[in-house]
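The values are calculated or read from the model by the stated rules, or taken from the named source; none is laboratory data. What you are looking at is a predicted structure, and each value in this text was computed from that prediction instead of being measured. Note: ideal-geometry Cβ built from the backbone for every residue, glycine included; neighbour counts use all protein chains shown.
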Amino acid sequence: MNRHTRISWLPLVALMLLATPSTINAAPATRGSTTSTAPATPPDVKLSLDVVTEDGQKLIRAVFTSGGKPVENANVSFGVKRTFGTLLLGEDRTLDDGSAAVKFPADIPGGPTGTLEVIAQIIAPPQYTSIRAQSTFSGARKFIPDAEGLPRALWAPRAPYPLLIPIVVLVAGVWLAYAFVFVQVLAIRKGAKK
């Protein structure tokens, strides 16, 4: 008996296409060329952060320089690092001296030490968008956790008593039913031995 099974060519072609790297829409790479789409950043760019007081108001100031010269009309975004991301404080455009500033957030809690981790990032012009500065400043409101812990509430780790009582009664009822069945099984076994 000579049986020939016919193999479909479609799954084989699909497998070959998946196994080979895609080169469609890719520009041919020449020696020494890069394929990065990010704008090139000039090599001597600096963004510095400090806290200053102007007109009786505490400010966070960022100074942006390129090649030792201030960069004018660059958009700077200021934020504070929090547990789940960055809290935006505001944006400002640099002046002719390369400085941009926002009001210091004294009402934001800064943990037990009262420090805030401030982040400034250039958002325009595009060739400078990768520039970022990060610094820690004191002067925020100190946050001291409550010594007693959280109250008894549905959202707290300790449940309220009116919720605990029905749960304890239900669990105790189930265990009492198990104990009753166990005692009945022992009684049946004793009765069978006589």
ARG82 vs (1) at pLDDT 85 or above; (2) closer than 24 Å to GLU54 by Cβ: all pass except (2)
Just the residues that are closer than 23 Å to THR115 by Cα and basic (Lys, Arg), please, taken from segment 131-162.
ARG132, ARG141, LYS142
Residue match in segment 84-100 (condition: of a type outside the set (A, V, I, L, M), loosely packed, with under 14 Cβ neighbours inside 10 Å and free of Cβ contacts under 8 Å to residues at least 12 places away in the same chain)
yes
Take the residues in segment 145-156 that are at pLDDT 75 or above and more than 23 Å from the chain's Cα centre (by Cα), then tell me which one is surrounded by the fewest Cβ atoms within 10 Å (Cβ to Cβ).
LEU154
Subset of segment 51-83 [loosely packed, with under 15 Cβ neighbours inside 10 Å and either farther than 24 Å from ALA140 by Cβ or outside the structural domain of ILE131 (by TED's automatic domain parsing) (or both)]
GLY67, GLY68, LYS69, GLU72, ASN73
Looking at (1) at pLDDT 70 or above; (2) over 34 Å from the mean Cα position of the chain (by Cα), which one does SER33 not meet, given that it meets all the others?
(1)
Based on what the data block shows, is LEU88 within 23 Å of the chain's Cα centre (by Cα) and modelled with pLDDT of 90 or more?
yes
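State whether the residues of segment 91-102 include one that is in contact with a Gly (Cβ under 7 Å, 6 or more places away or on another chain) and either outside the structural domain of ARG132 (by TED's automatic domain parsing) or modelled with pLDDT of 90 or more (or both).
So the first thing to find is which residues in segment 91-102 are in contact with a Gly (Cβ under 7 Å, 6 or more places away or on another chain), and the list is 102.
Filter once more, so that each one left must be either outside the structural domain of ARG132 (by TED's automatic domain parsing) or modelled with pLDDT of 90 or more (or both): 102.
Yes, the conditions are met somewhere in segment 91-102.
Surrounded by 12 or more Cβ atoms within 10 Å (Cβ to Cβ) and over 30 Å from VAL71 (Cα atoms): is that true of LYS142 in this structure? Don't jump to the end; show me each part of the working.
On the way: surrounded by 12 or more Cβ atoms within 10 Å (Cβ to Cβ): yes; over 30 Å from VAL71 (Cα atoms): yes.
Spelling it out, LYS142 is indeed surrounded by 12 or more Cβ atoms within 10 Å (Cβ to Cβ) and over 30 Å from VAL71 (Cα atoms).
Give, as residue ranges, the strands (runs of 3 or more DSSP E) completely inside segment 88-194 that count at least 3 residues that are among the hydrophobic types (A, V, I, L, M, F, W, C).
Where strands (runs of 3 or more DSSP E) fall fully within segment 88-194 and carry at least 3 residues being among the hydrophobic types (A, V, I, L, M, F, W, C), they are 99-103, 115-124.
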Check off (1) at pLDDT below 90; (2) surrounded by 13 or more Cβ atoms within 10 Å (Cβ to Cβ) for ALA106 and give me the number that stays unchecked.
(2)
Surrounded by 10 or more Cβ atoms within 10 Å (Cβ to Cβ), modelled with pLDDT under 90 and in a strand (DSSP E or B): is that true of SER48 in this structure?
yes
One residue from LEU154, LEU164, LEU170 being under 28 Å from GLY85 (Cα atoms) and free of Cβ contacts under 8 Å to residues at least 60 places away in the same chain:
LEU154
Return the residues of segment 110-139 that are surrounded by 11 or more Cβ atoms within 10 Å (Cβ to Cβ), in contact (Cβ under 8 Å) with a residue 60 or more places away in the chain and not polar (S, T, N, Q); say none if nothing qualifies.
VAL118, ALA120, ILE122, TYR128, ILE131, ARG132, ALA133, PHE137, GLY139
